[in-house]
Amino acid sequence: MNPSQEKMDKLYSLIANEEDARACKDISEQACTEVPRNFFLILFSQTLTSLGDLLTSPKTVLTWLMTAVGAPAALIAWLVPIRESGSLLPQLLIGAWVRQHALRKPFLVLGAIIQALSLFGMVLVVLWLEGLSAGLAILGLLVVFSLGRGLNSVAMKDVQGKTIPKQRRGRLTGLASTLSGLLTTGVSLWLLGSAKEAGVLIYVLLLLGAAMLWFGAATLFSQIEEEPGETSGGGNAMRQAFANLALLRNDELFRHFVITRALLLSSALATPFLIVLAQQHSSSGALLGAFLLASSLASLLSSSFWGWLADWSSRRVLLLAAALASVFCLLAAIASQLEWALFANFWFYPLLFMLLSIAHAGVRVGRKTYLLDMAGGNKRTDYVSVSNTVIGALLLLTGLISALVASWSLFAVLVLFAAMSALGVLFAWRLKEVTAD
């Protein structure tokens, strides 16, 4: 064993908290010998892509960018729906295509390159276009970006399942999230030190930086040692997923859960409008940094709390998170109408953004845990595929409605989101307890 390999094995053993760095579960014997190397390749690549996601978040940076280029508010309402539904809706088709190939690593590389090129395209938009044309171009490139993201999502699950042992996968994802969160905090603090207006240069640097991160991730993905896997069943899986849509008609609890989840889309869709309101008071780079910092802190502060609470009752997590989201959306609506000194304070909207993001994190943890606890085995898999497809479609519909309302009044669209969250509370209340069953 060469010295560098020995050091890698020791570091992996330390991270994995085991004496035998080759200990493996649920992967082949040959893949086991490559675990330490693959672990760090995936760790660093996921860190790069997670950081890139944070630097191009539709809730913060892209919303700021759309406002800066003079795009209409109605187009801003489409950012989150396109980003999320573009990753969810095509997964049935993408998954069937990917699983027809024995090696999935090339799709990781392709997905990362697609995302990088989309961001380079956004740089050109910032430099050359403005107004409606710039907004439409950014949305078009975001569609392409989301398709690449969906490709990465499907392929990564397969690659990680073949290369990383059980009981190490969560540790890998968590460590990557922590590293990217720390790096994002550094970027946020850099922006906080800027008292100047957030001009073209800042957006170009953020987009170029994120694009280079995805190119770097593509390079790391290409180095992963992957064994050929199964190639059968892709088409059958797709047909079965469409057939499973009958669950919405026949399974009352599942149907009720999907309605609850759909109503609570409001917690994600409302956040970009807080940035629009904040920019009415200031458009400095420091304020953009404050929002990025708020986003990072919301993730770091809330995940463990919501996770612990969800282990007690995922239904009550949904109840609490929905109630908080409704209150914070209503507060934002009130702030949009009143000219109080509090609402003009530099930190008011970043703080409200952080609180709403914490509520949204509760919605995400609660609905994921509820779905896991509601069923097991193949039925759980069916629930996931159907709910993701339906929610992807509903995201586009909700995006259309909120865009129309936002073009009329920001106050009205925030009241709409508050009302959706309040209805979400009522539907979550009617869900039965499944965590303790």
* To do: Quick one: count up the residues across the range 115-132 that are small (G, A, S) and modelled with pLDDT under 95.
  => 1
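Answer yes or no as to whether A262 is surrounded by 23 or more Cβ atoms within 10 Å (Cβ to Cβ), under 27 Å from V61 (Cβ atoms) and either modelled with pLDDT of 80 or more or of a type outside the set (S, T, N, Q) (or both). Please lay out each step first, then the result.
Working: surrounded by 23 or more Cβ atoms within 10 Å (Cβ to Cβ): no; under 27 Å from V61 (Cβ atoms): yes; either modelled with pLDDT of 80 or more or of a type outside the set (S, T, N, Q) (or both): yes.
For A262, the condition - surrounded by 23 or more Cβ atoms within 10 Å (Cβ to Cβ), under 27 Å from V61 (Cβ atoms) and either modelled with pLDDT of 80 or more or of a type outside the set (S, T, N, Q) (or both) - is not met.
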* What number goes with the only condition from (1) small (G, A, S); (2) at pLDDT below 90; (3) farther than 18 Å from L43 by Cα; (4) in a helix (DSSP H, G or I) that G161 does not pass? -> (3)
* **Top-ranked residue in the range 59-86 [being modelled with pLDDT under 85 and part of a loop (DSSP other than H, G, I, E, B); ranked as surrounded by the most Cβ atoms within 10 Å (Cβ to Cβ)]** => T60
* Structure fact -> Being part of a helix (DSSP H, G or I), buried (at least 21 other Cβ atoms within 10 Å of the Cβ), without any contact (Cβ under 8 Å) to a residue 60 or more places away in the chain and among the small types (G, A, S) narrows G111, G140, G135 down to just G111
* Structure fact -> The helices (runs of 4 or more DSSP H) lying entirely within the range 269-373 that contain at least 1 residues which are free of Cβ contacts under 8 Å to residues at least 12 places away in the same chain and surrounded by fewer than 19 Cβ atoms within 10 Å (Cβ to Cβ) are 285-312, 314-335, 341-344
* Asked: Can you name every residue in the range 307-356 that is closer than 16 Å to A418 by Cβ and either in the same structural domain as W64 (by TED's automatic domain parsing) or not hydrophobic (A, V, I, L, M, F, W, C) (or both)?
  -> S326, S336, Q337
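The values are calculated or read from the model by the stated rules, or taken from the named source; none is laboratory data. Since this is a predicted model, take the numbers as computed values, not measurements. Please note: Cβ atoms are built from the backbone with ideal geometry, for glycine as well, and neighbour counts cover all protein chains shown.
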